[in-house]
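Structure first, commentary second.
The values are calculated or read from the model by the stated rules, or taken from the named source; none is laboratory data. The shown structure was predicted, so the numbers you read here are calculated from the model rather than taken from an experiment. Note that each Cβ is placed from the backbone with ideal geometry, even for glycine, and that neighbours are counted across all protein chains shown.
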Amino acid sequence: MKYYKLLELLFMSPGIALMFISIIQTSIDGDWFTYLRFGPVVLHAWTAIILGLSYLLSCEALIFLPLVLRNLYAAAFVVAGIHLYDVVWGLGSVLSGNGGFPVVPLIGLVGSIVLLIWLDFRTIYLQLNRTAFIPLTIMITCIGIMAYTGFFHEMSLYSVGLASDPNIGNWWWMISKAASLIIFPLMTRQGHENREIRWWL
C-alpha cells in the first residue's frame with residue numbers, strides 16, 4: 001500500500017508541479033495574470049494553476065480506475081476542457097465580429113469527445129449529469145459578457161501589437177477559464193455501485 005501511494009503521487013506529480021510553479025511565480029510577481037514560460041510555450045499563471053487543478057480533480061473523480069488508466073483519462077479530460085474552452089471562446093470572438101470560426105479547436109473538441117466516448121464504452125466512467133451544466137453555463141455567460149464589453153476587440157488589437165493583453169485584470173476571463181476546466185471532471189459516475197472497473201483498454 002505504501003508503494004502504491006508513492007506511485008499515485010508520482011503519477012499526479014505533473015499537475016502538482018504545474019500548480020506549485022505557478023503559485024510560486026504568482027507570489028513573486030504579486031499578480032495572478034503573470035506569464036509563465038516553459039521553453040517556447042507561454043501561458044498565464046492562472047491558466048497553469050487551473051490546468052493542474054483540473055488534472056488533480058480528474059484523478060480524484062476517477063479514483064476507482066486502475067492507476068495508469070486513471071491518469072490517462074484525467075489527461076484526456078484536461079485536453080477536452082481546453083478544446084471546449086477554445087471553441088466557446090472562438091464563438092465569442094466570431095459573434096463580436098473579431099474573429100473567424102474556430103475550426104481547429106472544433107476538430108480538437110470533436111476528436112476529444114469521440115475519444116472520451118470510446119473510453120467510456122470500454123470502462124464505463126462517464127455520466128451526463130446536471131452538475132456539469134453549472135460550470136458550462138458560467139463559462140458561456142462569462143464569455144458572453146467578455147464579448148459584450150469589448151474583450152475580443154482588444155484581443156484582436158493585441159494580436160497585432162496594438163494593445164495590451166486584455167486577459168490581464170479581466171476577472172470574467174479568470175472565471176470562464178476555471179469553469180471550463182472542471183466541466184469534464186464533474187461528468188463522472190457517482191457511487192461505487194455504479195462503476196465498472198476493467199483492467200485493460
Seminar exercise, completed: Scanning the range 12-48 residue by residue, the ones that are touching a helix residue (DSSP H, G or I) at 6+ places or on another chain (Cβ under 6 Å), in a helix (DSSP H, G or I) and farther than 17 Å from residue 79 by Cα total 4
Exercise. Taking the condition surrounded by fewer than 15 Cβ atoms within 10 Å (Cβ to Cβ), at negative phi and either in a helix (DSSP H, G or I) or touching a Leu at 6+ places or on another chain (Cβ under 9 Å) (or both), does residue 51 pass?
Worked result: no
Exercise. Does the range 57-75 contain any residue that is part of a helix (DSSP H, G or I), of a type in the set (Gly, Ala, Ser) and surrounded by fewer than 19 Cβ atoms within 10 Å (Cβ to Cβ)?
Worked result: yes
For this session: Sort out which residues of the range 5-30 are at pLDDT below 85 and of a type in the set (D, E, K, R), and write them in order of number.
Result: 5, 8
Seminar exercise, completed: In the range 106-133, anything closer than 19 Å to residue 92 by Cα and of a type outside the set (Gly, Ala, Ser) is listed as 106, 107, 109, 110, 133
For this session: Test residue 113 against the criterion of being within 30 Å of residue 7 (Cα to Cα) and in a helix (DSSP H, G or I), and give yes or no.
Result: yes
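For every residue, the table says whether it meets (1) of a type in the set (Lys, Arg); (2) part of a helix (DSSP H, G or I); (3) more than 27 Å from residue 60 (Cβ to Cβ); (4) under 20 Å from the mean Cα position of the chain (by Cα).
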{"site": "92", "(1), (2), (3), (4)": "no, yes, yes, yes"}
{"site": "107", "(1), (2), (3), (4)": "no, yes, yes, yes"}
{"site": "117", "(1), (2), (3), (4)": "no, yes, no, yes"}
{"site": "128", "(1), (2), (3), (4)": "no, no, no, yes"}
{"site": "132", "(1), (2), (3), (4)": "no, yes, no, yes"}
{"site": "138", "(1), (2), (3), (4)": "no, yes, no, yes"}
{"site": "156", "(1), (2), (3), (4)": "no, yes, yes, no"}
Seminar exercise, completed: Within the range 152-167, restricting to residues that are of a type in the set (A, V, I, L, M, F, W, C) and touching a residue at least 40 places away in the same chain (Cβ under 8 Å), the one that is surrounded by the most Cβ atoms within 10 Å (Cβ to Cβ) is 152
For this session: Return a yes/no flag: does the range 83-105 have any residue that is in contact with a Phe, Trp or Tyr (Cβ under 6 Å, 6 or more places away or on another chain) and within 21 Å of residue 186 (Cβ to Cβ).
Result: no
Exercise. From the residues in the range 168-189 that are farther than 26 Å from residue 72 by Cα and modelled with pLDDT under 90, which one is surrounded by the most Cβ atoms within 10 Å (Cβ to Cβ)?
Worked result: 168
For this session: Tell me which of these residue 33 doesn't satisfy, since it passes every other one: (1) within 19 Å of residue 168 (Cα to Cα); (2) surrounded by 21 or more Cβ atoms within 10 Å (Cβ to Cβ); (3) of a type in the set (Phe, Trp, Tyr); (4) touching a Gly at 6+ places or on another chain (Cβ under 7 Å).
Result: (2)
